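Structure record follows, encoded as structure tokens.
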Amino acid sequence: SRRRLTLPIEDENKLYSSAKISLNFHEREASQSFNVAQDKDYDLLNQRTFKIPASGGFEICDKVPSLRQYFAENEVVMTVNDNDWFQKIDYYLTHEKERLAIKEKGTARALRDHTYHTRIKTLFQLIGFY
């Protein structure tokens, strides 16, 4: 009976844009569900991956290799292990200029390439509708 905290979208946007750092953890899905080699996990990107930068936030997330298909290293920060979380949080809290530059690039990319409008347009193009 876990309770889930939900926020109106406006408040969620304010939260991401006002935080110095927004942390994003992804769930790992069992590989047999996705016809992937049995000894590997399949990583799915969650909506926060796109919402945080689209809201003007700075994101640090766990290692999800497919993230790099959508955001470059200078747009969203990704950790490689547990220790790296603490190192990167400490680093970006004390290096504001670098944090703000990454935040701006991530926001620009999210608003340019990763909105629902852009996704629908791409879908329409794929099916020959647009």
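The values are calculated or read from the model by the stated rules, or taken from the named source; none is laboratory data. Because the structure is a prediction, the values reported are computed rather than measured. Neighbour counts are summed over all protein chains in view; Cβ atoms, including those assigned to glycine, are modelled from backbone coordinates with ideal geometry.
If you go through the range 59-68 one residue at a time, do you hit one that is acidic (Asp, Glu) and closer than 15 Å to Phe25 by Cα?
yes
For the range 92-107, give me each residue that is of a type outside the set (S, T, N, Q) and farther than 18 Å from Ile52 by Cβ.
His95, Lys97
Could you list, in sequence order, the residues of the range 50-75 that are in a loop (DSSP other than H, G, I, E, B) and surrounded by fewer than 12 Cβ atoms within 10 Å (Cβ to Cβ)?
Matches in the range 50-75: Glu73 only.
Tell me, yes or no, whether the range 89-105 has at least one residue that is free of Cβ contacts under 8 Å to residues at least 60 places away in the same chain, assigned to a helix (DSSP H, G or I) and within 17 Å of His26 (Cβ to Cβ).
Looking for residues that are free of Cβ contacts under 8 Å to residues at least 60 places away in the same chain, assigned to a helix (DSSP H, G or I) and within 17 Å of His26 (Cβ to Cβ), one finds none in the range 89-105, hence no.
Which one is modelled with the lowest pLDDT, of the residues in the range 78-130 that are loosely packed, with under 12 Cβ neighbours inside 10 Å and among the aromatic types (Phe, Trp, Tyr)?
Tyr130
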